[in-house]
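Only one structure is covered here, and it is reproduced in the block below.
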Amino acid sequence: MCPSMLNDRSSALALLRTRRSAKPRDLTGPGPTPDEMEEIFAIASRIPDHGKLFPWRFVTVAEDQRDAFGALLRQALVEHDPCATIAHHQKEDDFAHYAGQLVVLVSAPVHDHKIPVWEQELSCGAAAMNLLLGATALGYVAGWVTGWRAYSERVRKAFCGPGERIAGFIFIGHPAREVEERPREPATPIVKSWEPPEL
Ligand SMILES: Cc1cc2nc3c(=O)[nH]c(=O)nc-3n(C[C@H](O)[C@H](O)[C@H](O)COP(=O)(O)O)c2cc1C
């Protein structure tokens, strides 16, 4: 698909057919306004949620908190990889300062509930997807990333309560360079007719 046809907002179907993530490092500001963020969170929350448990939360990291976020990542990196190079530390600081609005999506399942945690985690993934769609529908681009930081106990504790985990770091902004299509052909068939087992 030609880059100019990506993220076509002319209709709901066009957007669903052409939405493309952006690499957070390729974003430029500004991110959405507070009113737009409110709308994006409302759209992100309008998703299937078995048991109406709201098993996810959105944590925003403000522009003036990026230095603190960078310091947290650098401290966590020392524990994650004591041999990390200066370049790796710099990379984490760069990550913390990527342009646009940063939202940390927290998976917050209700444990020991009749609704399995797996289903609650699926709901969290749906929230992430709707957040990307909502941001793109408003004319922004967005990228959902994790990496070692999402699994660091130090970083987890800075954003999550007990039993919660980081589902992703989502950056929302404008593309500093043209968003390109990526290969979409799956290696294996993604749709097949059910073959009932022999009973
Ligand atoms: C849970 C999750 C974590 C991801 N983490 C990363 C990551 O750390 N780095 C990365 O380059 N892409 C990561 N991706 C992939 C991108 O978000 C995105 O799927 C990819 O760039 C293609 O986006 P698109 O198909 O929406 O255009 C992750 C995706 C998911 C679902």
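Please verify whether segment 169-181 includes one or more residues that are surrounded by fewer than 22 Cβ atoms within 10 Å (Cβ to Cβ), without any contact (Cβ under 8 Å) to a residue 60 or more places away in the chain and within 15 Å of the ligand (Cβ to nearest atom). Looking through segment 169-181, none of the residues is surrounded by fewer than 22 Cβ atoms within 10 Å (Cβ to Cβ), without any contact (Cβ under 8 Å) to a residue 60 or more places away in the chain and within 15 Å of the ligand (Cβ to nearest atom).
Exactly one residue out of S107, S123 is open to solvent by less than 30 Å² (accessible area, probe 1.4 Å), in contact with a strand residue (DSSP E or B) (Cβ under 6 Å, 6 or more places away or on another chain) and on the phi < 0 side of the Ramachandran plot, and it is S107.
Checking each residue in segment 50-71 for being closer than 30 Å to V110 by Cβ and open to solvent by less than 30 Å² (accessible area, probe 1.4 Å) picks out P55, W56, V61, F69.
Does segment 47-56 contain any residue that is closer than 21 Å to R25 by Cβ and of a type outside the set (S, T, Y)? No, every residue in segment 47-56 fails to be closer than 21 Å to R25 by Cβ and of a type outside the set (S, T, Y).
Looking across segment 140-166, the residues that are open to solvent by less than 30 Å² (accessible area, probe 1.4 Å) and among the small types (G, A, S) come down to A142, G143, A150, S152, G161.
Here H88 meets each of (1) open to solvent by 10 Å² or more (accessible area, probe 1.4 Å); (2) in contact with a Ser or Thr (Cβ under 7 Å, 6 or more places away or on another chain); (3) not small (G, A, S) with one exception, condition (2).
The number of residues in segment 34-45 being touching a helix residue (DSSP H, G or I) at 6+ places or on another chain (Cβ under 9 Å) and exposed (fewer than 12 other Cβ atoms within 10 Å of the Cβ) comes to 1. I'm trying to understand the selection: among the residues of segment 13-33, which are surrounded by fewer than 16 Cβ atoms within 10 Å (Cβ to Cβ) and either touching a residue at least 12 places away in the same chain (Cβ under 8 Å) or touching a Gly at 6+ places or on another chain (Cβ under 6 Å) (or both)? Across segment 13-33, the qualifying residues are L15, L16, R25, T28, G29, P30. If the condition is being free of Cβ contacts under 8 Å to residues at least 12 places away in the same chain and closer than 18 Å to T60 by Cα, then segment 143-168 contributes R156, K157.
Quick check on A14: is it touching a helix residue (DSSP H, G or I) at 6+ places or on another chain (Cβ under 7 Å) and either in a loop (DSSP other than H, G, I, E, B) or hydrophobic (A, V, I, L, M, F, W, C) (or both)? The answer is no for A14.
Let me confirm something: among A44, A71, which residue is part of a helix (DSSP H, G or I), over 22 Å from C124 (Cα atoms) and at pLDDT 95 or above? After ruling out the rest, the residue left standing is A71. Could you please find all residues in segment 74-85 being open to solvent by 40 Å² or more (accessible area, probe 1.4 Å) and either assigned to a loop (DSSP other than H, G, I, E, B) or not hydrophobic (A, V, I, L, M, F, W, C) (or both)? Those that are open to solvent by 40 Å² or more (accessible area, probe 1.4 Å) and either assigned to a loop (DSSP other than H, G, I, E, B) or not hydrophobic (A, V, I, L, M, F, W, C) (or both): R74, Q75, E79, H80, D81, P82, C83, T85.
The values are calculated or read from the model by the stated rules, or taken from the named source; none is laboratory data. All values reported here derive from a predicted model rather than from experimental measurement. Heads up, the Cβs are rebuilt from the backbone with ideal geometry, glycines too, and the neighbour counts pull from every protein chain shown. Remember, those area values only see protein heavy atoms, side chains included, never the ligands or the DNA or RNA. Shrake-Rupley method; radii C 1.70, N 1.55, O 1.52, S 1.80 Å.
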